[in-house]
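In what follows, a structure is listed as structure tokens, so that the remarks can point back to it.
Readers should treat all values here as calculations from the given coordinates under stated rules, not as data from a laboratory. For clarity, every value in this text was computed on a predicted model and none was experimentally measured. Note: ideal-geometry Cβ built from the backbone for every residue, glycine included; neighbour counts use all protein chains shown.
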Amino acid sequence: MMNSFWWGHSGAQNRCINWMSWEKLAMHKNDGGMGFKHLSAFNLAMLGCRWRIGDDNNIPLWNENWLVDAFPLEPINNIDLTCSGLMVSDLMENDSKEWTVRRISTRGESKGDYSVKSAYRICVQELIDTSYLRVNGNWNLVWNIKVPPKVKNLIWRICRRCLPTRVRLRDKGVECTQTCALCNEENEDSEHIFFKCPSSRNVWSMTGFFHVVSNAINNNNNAQDIIFHILQQLSKDDSTVFACILWSIWKQRNNQIWNNVTDAQNFVLSRAVNMLQEWKAVCIVASNPDSKTQEPLARKWRKPMAGRVKCNIDASFPANSDIVGIGICIRDEQGAFILAKTE
Ligand SMILES: [Zn+2]
């Protein structure tokens, strides 16, 4: 159910497709997962949190099935875990009757107190082996980019082949054309839509790091390798622009398919840059408590992209009247007045 919820709101065409098992989603972000909770590990951690032995001090540690699986106990402090006479109660505080991580594992929280968080980590590391699911790559390169979460999420989906490109949709049994909606020539997979489509190449050629992108495209076969290659080469600032352009290219593709709107390639670039600037401005305001009491940042009017007009509108609603006032002003790419109307 949670899996369906996670994938269920990402577009009409792929509403019912589970792109990845929960087990893979629950892997650590450094291993290619999303870091969601692994439910059986979390249940086990919660079980440990609630466990009480009460006054029964006579449950042997090693010969009773008192936990679902044997915890990988390690000798810590002055407790000898190889001693055959150990009781479960020896792993507990005498007064509180609660587990202490220091007696259960060295890999718990440094304070030594049992917490669901530390127990969860131990359960995932020691009991549930998902190492065979790991996807190699320096995933921190993706998670550390200073961009909105939606952009990182998109990059993760590209790299994990969970993006509903037409090729992937057909892999999942959706009957649709495979051809790229932007060039109508090649099949639309991630490599093509983001890097090899003439439309995308033109966008990259307008950036200052086109040579890095071009080199990565020529030396790698799949989108994940291309992206990791590029992120390794770019500065932090260029990485943020690169990531937002990927987001804007995907938006361009969706605009073409769902709205039949063709975004100009320089607009794809400027949309990425504008979105990044606006997000940074919000982050600065949000992180500065003093700014909340100050006047909002002055917003400067910007010209529309070449070939487009910009329409600004405003409305007023007097408190003691049901009359509404509106104003509309349309200007061209030079900022020159075209038409205005008030009512
Ligand atoms: Zn194309």
Report summary line: When I284, I122 are ranked with the fewest other C-beta atoms within 10 Å first, the list becomes I284, I122
Report summary line: The ³J(HN,Hα) series, computed from each phi in segment 150-163 with the Karplus coefficients 6.51, -1.76 and 1.60 at θ = phi - 60°, rounded to the nearest Hz and given as x for glycine or proline, is 4, 6, 5, 4, 4, 5, 4, 5, 4, 5, 9, 6, 10, 8
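For the cross-link pairs K251/K341; K150/K280; K24/K150; K196/K280; K24/K196, which exceed 26 Å when the distance is taken from alpha carbon to alpha carbon?
K251/K341; K196/K280; K24/K196
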**Report entry** Cα gyration tensor category, rounded, prolate or oblate, for segment 194-268 with a/c compared to 1.5
**Finding:** prolate
Query raised in the report: Whole-Hz Karplus ³J(HN,Hα) for segment 235-240, in order, using 6.51 cos²θ - 1.76 cosθ + 1.60 and θ = phi - 60°, x for Gly and Pro?
Result: 5, 4, 5, 5, 4, 5
Requested in this report: Diagonalise the Cα gyration tensor of segment 119-261 and give the resulting equivalent ellipsoid semi-axes, square root of 5 times each eigenvalue, largest first, whole Å.
Outcome: 27, 21, 14
Query - Radius 12 Å from Cβ of K196, net charge of other residues (Lys, Arg +1; Asp, Glu -1) - result: -4
Query raised in the report: What are the residues whose amide H is under 5 Å from the amide H of T179, where those residues sit 5 or more places off or on another chain and H is modelled from the backbone?
Result: E188
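So how do Y120, Y132 line up by other beta-carbon neighbours within 10 Å, fewest first?
By the 10 Å Cβ count, ascending: Y132, Y120.
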